[in-house]
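Here's the structure we're looking at; comments come further down.
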Amino acid sequence: MERAAYALMAAHEDRHWWFVGRRAVIGAMLDRIALPDRPRILEAGCGTGGNLGLLEERGDVSAFEPYEEAATWATERHPGTDIRSGRLPETLPFPDATFDLVAALDVLEHCTDDAGSLAALVRMTRPGGWILVTVPAHRRLFGSHDERLHHRRRYGRAELRSLADASGLEITFETAFNTFLAPIAIGYRLMSNATGLDLGNQERLPVGPVNRLLGATFALEQRVISRWSIPFGLSYGMILRRPLEAPESTPRPDAPLHGSRSPTTRFLSP
């Protein structure tokens, strides 16, 4: 992501309509996850820290971020959170099987190796634990906004499902979001792509009344997602679960143990 985009994010991530609406949607998705008491939660690629407060309401939060300046901003805003330097998929600053929930919120689209990055998230999740992923949707909408944010791709629903399946994850809930405002955004993107013109920086903060109206409209989607899945929107969200490790086979009670005093159990890699 360009430094200017990080600077804008740090300046108004707490009130820009897109971040406000997305946090509402993420909160509704988090409410669908049955976490243990005082869960350990990781945000992978926390940026300037705009989602950390939402996660801190639900457990003990750690995070990592590859860009030093963004991590510094996040640490200043959340001085009690363990924020480390790290990069998907190779440079992971936390041990395997550490977290009850790992959140990658608009992260995979930045990764060269998104399949390897999702597999890395799985490794840091405890067996039976959860992974929450959000990504931008619809390849045809890729444009200047994505380029400024250094997105490598936008996702189709089937593509995201295939990533989850390849990592051995169970899809427990999936939804589109950023739906109510989608017609405006789609028209804007298609016009920009057709003309080759950059029609303005969408990361900038609109004037107060417009910003509040857009944020309130987007945030209404949390009421839908708390009960149902939305079929269409500009982003996709998935709640994924790492399976519990299970015996490859269960011997019959009368089966010989081939000379062993106790049966040997082998585990499948999830």
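The values are calculated or read from the model by the stated rules, or taken from the named source; none is laboratory data. Remember, predicted model here, so these are calculated numbers, not experimental data. No Cβ is skipped: glycine too gets one built from the backbone with ideal geometry, and neighbour counts run over all protein chains shown. All accessible areas refer to the heavy atoms of the entire protein, side chains included, with ligands and DNA or RNA removed. Shrake-Rupley method; radii C 1.70, N 1.55, O 1.52, S 1.80 Å.
Along its principal axes, region 27-146 has C-alpha extents of 42, 31, 29 angstrom, given from the largest down. Semi-axis lengths, largest first, of the ellipsoid equivalent to the chain are 37, 20, 18 Å, with √(5λ) applied to each eigenvalue of the Cα gyration tensor. One Cα centroid belongs to region 36-73, the other to region 6-28; the line between them spans 14 Å. Need the C-alpha centroid separation for region 125-196 versus region 86-122, integer Å. Cα centroid of region 125-196 versus Cα centroid of region 86-122: 17 Å apart. For the chain, the antiparallel share of DSSP beta bridges with both residues in that region comes to about 45%.
Determine the dipole magnitude for region 82-175: charges of +1 sit on the beta-carbon of Lys and Arg, -1 on that of Asp and Glu, nothing else is charged, the reference point is the Cα centre, and the result goes in debye to the nearest 20. Could you put the intermediate results ahead of the total?
On the way: 12 positive and 14 negative charges, 55 e Å.
Computed charge dipole of region 82-175: roughly 260 debye.
Solvent-accessible surface of region 1-82, averaged per residue with a 1.4 angstrom probe and all protein chains in place: 42 square angstrom.
Here the chain exposes an accessible surface that is 54 percent carbon and sulfur, computed with a 1.4 Å probe and the other protein chains kept in place.
Summing +1 for each Lys or Arg and -1 for each Asp or Glu, what net charge is found among the other residues whose Cβ lies under 14 Å from the Cβ of ARG58?
Working: positive: ARG23, ARG32, ARG38, ARG40; negative: ASP31, ASP37, GLU43, GLU56, GLU57, ASP60, ASP100.
Net charge around ARG58: -3.
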